[in-house]
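Written below as structure tokens is the structure these notes are about.
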Amino acid sequence: MVISHKLRALLKTAESVCVLTGAGISAESGVETFRGSKGLWSKLKPEELANFNAFMRNPELVWEWYNYRKKIVQEVTPNPAHYALARLQELVKDFTLVTQNIDNLHIRAGSKEVLELHGNIERSYCISCGKFAEHIEVTPEKKVPHCSSCNGIIRPDIVWFGEMLPEGVFESASDAAERCELFLTVGTSAVVYPAAQLPLTAQAHGAYVVEINMERTEISHRLQETLLGKAGEILPELLKIREEKKE
Ligand code: OAD
């Protein structure tokens, strides 16, 4: 992999960096991505699982699916890409990590103040009173958890198709994209908006935008560089350049 002079220089000097991640960053941990011939959405219908009306029609099915996914993400571990970003945060004064992932792996790797655009599978809340559920219990007899305060139905804290992003999170991500010098878009197909807007926003405000992906995406032609390869190999390389920076 060739790292350009420009990127090398920015990695050493940038004091404002924003990173957007997608499912591809967790692929090497063993979490399936969404698109592509082997992706989740080639086997399952998002409108039956990741949709509020579908949840109200069949909360048992939707909970079964999320409990299954929760078990998978709890069994896997963060990979070198997640750890490299957690370490990079310690080295850059103004560092923002924005993720579309719900798998909690960035937090488990040690990243702080992660802007989670699509929620987090480890959290859930009551659709009636909005209270976050501390502890959810599902049993073979009781497959849909209910709120300990008002007995309303509890749902996963995940943004489903057609829903708004959590208040303020996208705005904070946009602010970070606007002020950063270097923007990395990692392991995302960049087809889901508004997340896919962030690299373009960064670019419009003068940032150097670098994509890290196994293949080119819909926005590659609009960005300064695409580094083709595995996030778990490329991000540790980029981190090494930052760590070698002369004080
Ligand atoms: P996708 O499944 O659409 O894209 C994953 C991307 O990761 C693809 O471009 C792959 O080429 C790339 N990739 C795979 N393995 C990689 C690796 N080891 N290193 C680097 N790149 C790799 O996932 P997202 O773009 O995250 O939304 O999807 C966006 C949203 O669509 C998700 O957050 C989810 C989904 O519907 C919700 O659930 C709301």
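The values are calculated or read from the model by the stated rules, or taken from the named source; none is laboratory data. This structure is a prediction, so every number in the text was calculated from the model and none was measured. Here the Cβ is made from the backbone with ideal geometry for all residues, glycine too, and neighbour counts use every protein chain on show. What goes into the accessible areas is simple: the full protein's heavy atoms, side chains included, and nothing from ligands, DNA or RNA. Shrake-Rupley method; radii C 1.70, N 1.55, O 1.52, S 1.80 Å.
Of note:
- The stretch between GLU237 and SER149, if pulled fully straight at 0.36 nm per residue, gains 26.8 nm over its current Cα-Cα span.
- Adding -39500 (n - 2.57) for every DSSP H run of four residues or longer, then dividing by how many residues the chain holds, sets the calculated 222 nm ellipticity at -10500 deg cm²/dmol.
- Bridgeable lysines around LYS12 (alpha carbons under 16 Å apart, same-chain partners fewer than 8 residues away excluded): LYS93, LYS240, LYS245, LYS246.
- With the simple model of a label 7 Å out from the Cα in the direction of the Cβ, ILE127 to ASN67 spans 1.7 nm.
- Entry comment: accessible area of region 1-75 is 54 Å² per residue, from protein heavy atoms only and a probe of 1.4 Å.
- Radius 10 Å from Cβ of LEU40, net charge of other residues (Lys, Arg +1; Asp, Glu -1): +3
- Over all other residues within a Cβ to Cβ distance under 12 Å of SER189, the charged ones net out to -1, with Lys and Arg as +1 and Asp and Glu as -1.
- Relative contact order, whole percent, for the chain stands at 25, derived from Cα pairs under 8 Å and 6 or more residues apart.
- Region 35-59 and region 149-194 have Cα centres spaced 18 Å apart.
- Listed by chain and number, the lysines whose C-alpha is less than 23 Å from the C-alpha of LYS142, apart from same-chain residues fewer than 8 away, are LYS70, LYS71, LYS131.
- A straight Cα-to-Cα reach below 19 Å connects LYS45 with the aspartates and glutamates GLU32, GLU60, GLU64, GLU163, residues fewer than 8 places away in its own chain not being considered.
- Remark on PHE34: its backbone amide H falls under 5 Å from those of LEU40, a criterion applied only to residues 5 or more positions apart or on other chains, H modelled at 1.01 Å from N.
- Rough spin-label spacing in nm, given labels placed 7 Å along Cα→Cβ, for GLU134 and GLU15: 4.3
- Extension gain, MET56-TYR193: 0.36 nm per intervening residue step, less the Cα-Cα distance, totals 46.8 nm.
- Cα shape, region 155-232, gyration tensor, a/c 1.5 rule: oblate
- Projecting the alpha carbon convex hull of region 1-80 along each direction and taking the average yields 8.1 nm².
- A full extension of the chain between SER220 and LEU44 corresponds to an added length of 60.6 nm, given 0.36 nm per residue minus the alpha carbon distance.
- Ranked by the mean number of other Cβ atoms within 10 Å of their residues, highest first, the peptides 50-62, 160-172, 117-129, 75-87 fall in the order 75-87, 117-129, 50-62, 160-172.
- Computed FRET value (nearest 0.05) for GLU90 with GLU163, which takes r as the C-beta separation and R₀ as 41 Å: 0.75
- Residue ranges 196-202, 17-23, 219-225, 175-181 sort as 17-23, 196-202, 175-181, 219-225 when ordered by packing (mean number of other C-beta atoms within 10 Å per residue, highest first).
- LEU228 paired with ALA204, simple spin-label distance in nm, labels 7 Å along Cα-to-beta-carbon: 3.0
- For region 92-137, the relative contact order is 33 percent, taking Cα pairs closer than 8 Å that sit 6 or more residues apart in sequence and dividing their mean separation by the residue count.
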